[in-house]
Amino acid sequence: GAGVSQSPSNKVTEKGKDVELRCDPISGHTALYWYRQSLGQGLEFLIYFQGNSAPDKSGLPSDRFSAERTGGSVSTLTIQRTQQEDSAVYLCASSPGQGSSGANVLTFGAGSRLTVL
Amino acid sequence: GENVEQHPSTLSVQEGDSAVIKCTYSDSASNYFPWYKQELGKRPQLIIDIRSNVGEKKDQRIAVTLNKTAKHFSLHITETQPEDSAVYFCAASIQTSYDKVIFGPGTSLSVIP
């Protein structure tokens, strides 16, 4: 696609419910990132996929968070048993990836704003 | 793992003045240092980047400098304009290997007309 697409753009859920956030990266980009941005805060790294390598999950804040990337393209971030502190904007980014020109130049999606009541 | 610090957290300048944002990184293997600008309500976008084989890079009113020995790099904006008001994030990564991009906490720049 022309850019990184994320859905839903907004999600309001009740505490304790599970949510899934989707990211569709730029076609051909082998690297995909998830970041979390709380209100007025920075870009907190969550997880990183590069090609067929095992993902770097070192930023996931708890075992309630998980992510998959199917077929090297679309990724889904799942938050189980949501808590109020999970409220934030979840940003996905993709880049051409290792061995490519501009390997680490990130293109961000518009984000999914999650509100946990 | 890599840790990136950034100062100041907020910066206010008069239109036409210069602004400087400084970052330090911890991993001496890092060799790629981008800067992203995030305007209010929008997604971050790359404005300039520098690789470890150069010490300075300029693009119109924006310049970045890198001191690998000291492990710090800086963003310089000259002749600031109101549209420069945004949050600026520095970042570091190892471009030649399988490695993630880690961001600093951000600097909120306000340019006062």
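The values are calculated or read from the model by the stated rules, or taken from the named source; none is laboratory data. All figures in this text were calculated on a predicted structure; none of them were measured in a lab. Every residue, glycine as well, gets a Cβ built from its backbone with ideal geometry; the counts of neighbours run over all protein chains shown. Keep in mind that these areas ignore ligands, DNA and RNA; they rest on the heavy atoms of the full protein, side chains included. Shrake-Rupley method; radii C 1.70, N 1.55, O 1.52, S 1.80 Å.
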>> When the residues of the stretch B:65-90 are narrowed to those that are among the small types (Gly, Ala, Ser) and not in a loop (DSSP other than H, G, I, E, B), which ends up surrounded by the fewest Cβ atoms within 10 Å (Cβ to Cβ)?
In response: B:SER74
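Open to solvent by 40 Å² or more (accessible area, probe 1.4 Å) and within 14 Å of the chain's Cα centre (by Cα) - does that describe any residue in the stretch B:104-113?
Going through the stretch B:104-113, the residues open to solvent by 40 Å² or more (accessible area, probe 1.4 Å) turn out to be B:105, B:108, B:110, B:112-113.
From what's left, within 14 Å of the chain's Cα centre (by Cα): B:105, B:108.
Yes.
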>> Are there strands (runs of 3 or more DSSP E) fully within the stretch A:19-117 with at least 2 residues that are away from chain B (no Cβ under 14 Å)? List them.
In response: A:19-24, A:65-69, A:75-79, A:112-116
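Does the stretch B:24-43 contain any residue that is touching a helix residue (DSSP H, G or I) at 6+ places or on another chain (Cβ under 9 Å) and open to solvent by less than 50 Å² (accessible area, probe 1.4 Å)? Steps first, answer last, please.
We begin by selecting, within the stretch B:24-43, every residue touching a helix residue (DSSP H, G or I) at 6+ places or on another chain (Cβ under 9 Å); these are B:37, B:39.
When the remaining residues are screened for being open to solvent by less than 50 Å² (accessible area, probe 1.4 Å), the result is B:37.
Yes, that holds for at least one residue.
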> Right, B:LYS57: assigned to a loop (DSSP other than H, G, I, E, B) and either basic (Lys, Arg) or facing another protein chain (nearest Cβ under 8 Å) (or both) or not?
Replying inline: no
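Out of curiosity, is B:ILE62 open to solvent by less than 20 Å² (accessible area, probe 1.4 Å), under 19 Å from B:SER110 (Cα atoms) and either within 14 Å of the chain's Cα centre (by Cα) or not hydrophobic (A, V, I, L, M, F, W, C) (or both)? Break it down stepwise before answering.
Details: open to solvent by less than 20 Å² (accessible area, probe 1.4 Å): no; under 19 Å from B:SER110 (Cα atoms): yes; either within 14 Å of the chain's Cα centre (by Cα) or not hydrophobic (A, V, I, L, M, F, W, C) (or both): yes.
No, not satisfied.
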